[in-house]
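The values are calculated or read from the model by the stated rules, or taken from the named source; none is laboratory data. For clarity, every value in this text was computed on a predicted model and none was experimentally measured. Cβ: placed from backbone, ideal geometry, glycine included. Neighbour counts: every protein chain shown.
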């Protein structure tokens, strides 16, 4: 009887250890896989924003004032943004904001959703109060991206930003405005959580190990019973 209890205790301990080890390795692999996917997605967004911003000359947006949404100049740059954005199906919005690093304010200059979606687009001079504002300010020096998806009055997004130089032909190294690109947060999350197979593999491994321990334990128990029966004969 003591031997049976001892065997059961050892098997229970082995099962717990197996679950802890496999579970820990599974979580480790899953988190690192998703971290790599997020890093790749952020890098891609920043690269896209940087490439698009390099195609915009500051002269195309200089002088735009509130109320100019229907002017030829505004419609031309809005159409240019839409054309570039259309080359990447993941992007849902492209816009340009004017940033004042001194008083930490940012206001919209151009929103490529206008005039396609007047109600869903930001107007010239409208404040950009995005929770992602620190990334916008950081983009004065180079391309940046949201660290995590965020939500504002427009919806939930993952964004990237890049500086628009004050002069494409004769740069002084100063930033005139910042280009912003949005990806739907749901699409970003879906694309950066592709490690479900890792969790499934981990769960299956635990089941297999527990099954083996059960079969082994049962066989051991039967062997002990046979031995005890022979002794009693």
Report yes if residue 99 is modelled with pLDDT under 95 and either on the phi > 0 side of the Ramachandran plot or out of contact with any strand residue (DSSP E or B) (no Cβ under 6 Å at 6 or more places or on another chain) (or both), otherwise no. no
Output the residues belonging to the stretch 85-103 that are assigned to a loop (DSSP other than H, G, I, E, B) and out of contact with any helix residue (DSSP H, G or I) (no Cβ under 7 Å at 6 or more places or on another chain). 86, 87, 89, 102, 103
Among the candidates 140, 109, residue that is in contact (Cβ under 8 Å) with a residue 24 or more places away in the chain, part of a strand (DSSP E or B) and in contact with a strand residue (DSSP E or B) (Cβ under 6 Å, 6 or more places away or on another chain): 109
Quick check on this structure: which one of 77, 64 is over 20 Å from residue 189 (Cβ atoms), assigned to a helix (DSSP H, G or I) and at pLDDT 95 or above? 77
I want to confirm something. Restricting to the stretch 119-137 and keeping residues that are free of Cβ contacts under 8 Å to residues at least 24 places away in the same chain and not in a loop (DSSP other than H, G, I, E, B), which single residue is farthest from residue 67 (Cα to Cα)? 134
Restricting attention to the stretch 80-90, and to residues there that are surrounded by 13 or more Cβ atoms within 10 Å (Cβ to Cβ) and at pLDDT 95 or above, which single residue is farthest from residue 184 (Cα to Cα)? 80
When you check residue 14 against the structure, is it within 19 Å of residue 146 (Cα to Cα) and either modelled with pLDDT of 95 or more or surrounded by 12 or more Cβ atoms within 10 Å (Cβ to Cβ) (or both), yes or no? no
Please find, within the stretch 122-134, the residue that is surrounded by the most Cβ atoms within 10 Å (Cβ to Cβ) out of those that are modelled with pLDDT under 95 and closer than 16 Å to residue 182 by Cβ. 132
